[in-house]
Amino acid sequence: MQTLAVDHPLVAHKLTTLRDVRTDSPTFRRLADELVTLLAYEATRDVRVAPATVATPLVETDGVQLASPKPLVVPILRAGLGMLDGMTRLLPTAEVGFLGMIRDEGTLQAQTYATRLPDDLSGRQCYVLDPMLATGGTLAAAIKLLFDRGADDVTAICLLAAPEGLKYLEEAFAGTSAPIRVVTAAIDSHLNEQGFIMPGLGDAGDRLYGVV
């Protein structure tokens, strides 16, 4: 498994404002959208392409286009929805699937309550969107589901990650040969007793959409 904490002043600037308790939901949504696009730029460095030839106004020239099958973007509901526009802005031709997962606050284990994905993901590169990589249980369950359906390359894009969650993923997929990458704006200090990232930015879903 590869982990990349993106070191860029614009990433750090936007993340700092996201952390601020005074940042309201509309501003939080806009900044999260912008931050995801910056992270997606790094996360798609290994996206698969195929040769292509195009005609410029002057001459034909060689280039590349996204290879088939198209990449699949998978936001984890509900907080992952706040990352979708920022990702598809960079990959507008990607297909989108949805995965509804919730963490049991007692056991901290992930439970799936909704799935809208192709049954066969053979040969697909998948990009999972989940704002917070905390304990790692939710993301690990999502990645396993994608691999079980045939995906052969998974990249997770997270606003924040905790060392405990990264360690959990490494152990969960220690015997997996398929590439797994985590791209995040920062790796924070630790998890508190409730399983929240510290210093973190609070509950991403609540800050995106309000408490419901």
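The values are calculated or read from the model by the stated rules, or taken from the named source; none is laboratory data. Quick caveat: nothing in here was measured; it's all calculated off a predicted structure. For neighbour counting, all protein chains shown are included, and Cβ atoms are generated from backbone atoms with ideal geometry for every residue, glycine included. Only protein heavy atoms, including side chains, enter the accessible area calculation; ligands, DNA and RNA are left aside. Shrake-Rupley method; radii C 1.70, N 1.55, O 1.52, S 1.80 Å.
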Practice task
State the percent of C-alpha pairs, over all pairs in region 1-98, separated by a distance greater than 16 angstrom.
Solution key: 66 percent
Practice task
Would you kindly state the longest site-free stretch of the chain, with sites defined as trypsin sites (Lys or Arg not before Pro) in a DSSP loop (not H, G, I, E, B) surrounded by at most 13 other Cβ atoms within 10 Å?
Solution key: 90-212
Practice task
Could you tell me, in Å, what Rg and Dmax come out for the Cα atoms of region 1-40?
Solution key: 11.0, 35
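Taking all protein chains in place and a 1.4 Å probe, what share, in percent, of the accessible surface of region 26-134 do carbon and sulfur account for? Present the calculation step by step, with values, prior to reporting the outcome.
Values: 3010 of 5710 Å².
After summing per-atom areas, the C and S share lands at 53 percent.
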Exercise for the section: List the extent of the Cα atoms of the chain along each of their three principal axes, largest first, rounded to whole Å. Expected result: 61, 37, 29
Exercise for the section: Give the residues of region 69-95 whose amide nitrogen is closer than 14 Å to a point set 7 Å from the Cα of Glu34 in the direction of its Cβ. Expected result: 86
Exercise for the section: Whenever you get a sec, compute what percent of the accessible area on region 141-212 sits on carbon and sulfur atoms (1.4 Å probe). Expected result: 55 percent
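Which value at 222 nm does the chain reach when only helices count, each DSSP H run of 4 or more adding -39,500 (n - 2.57), with the total divided by all residues and rounded to the nearest 500 deg cm²/dmol? Don't skip to the answer; put the middle values down first.
Details: 6 runs with 63 residues, N = 212.
After summing the helix terms and dividing by residue count, I get -9000 deg cm²/dmol.
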Exercise for the section: Find which of Tyr127, Tyr168, Leu38 sits farthest along the positive direction of the dipole of the chain, computed with +1 on the beta-carbon of Lys and Arg, -1 on that of Asp and Glu, about the Cα centre. Expected result: Leu38
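For the chain, give the magnitude of the charge dipole about the Cα centre (Cβ charges: +1 Lys/Arg, -1 Asp/Glu; no others), in debye to the nearest 20. Walk me through the numbers on the way to the answer.
Values: 18 positive and 26 negative charges, 62 e Å.
Roughly 300 debye, rounded to the nearest 20.
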Practice task
Just grab the label-to-label distance for Ile102 and Asn192, each label 7 Å out from Cα along the Cβ direction, in nm (one decimal).
Solution key: 2.2 nm
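For the chain, what does the accessible surface come to per residue with a 1.4 Å probe? Please give it in Å². Before the final figure, lay out each step's value.
Working: 10660 Å² over 212 residues.
Each residue of the chain exposes 50 Å² on average to a 1.4 Å probe.
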Completion exercise
Here the equivalent ellipsoid of region 125-174, derived from its Cα gyration tensor, has semi-axes (largest first, whole Å) of 17, 12, 8
Exercise for the section: For an R0 of 22 angstrom, estimate the FRET efficiency from the Cβ-Cβ distance between Tyr113 and Val211 and round to the nearest 0.05. Expected result: 0.70
Handout entry: Cβ-placed point charges (K, R +1; D, E -1), dipole of region 1-75 about Cα centre in debye, nearest 20
Key = 280 debye
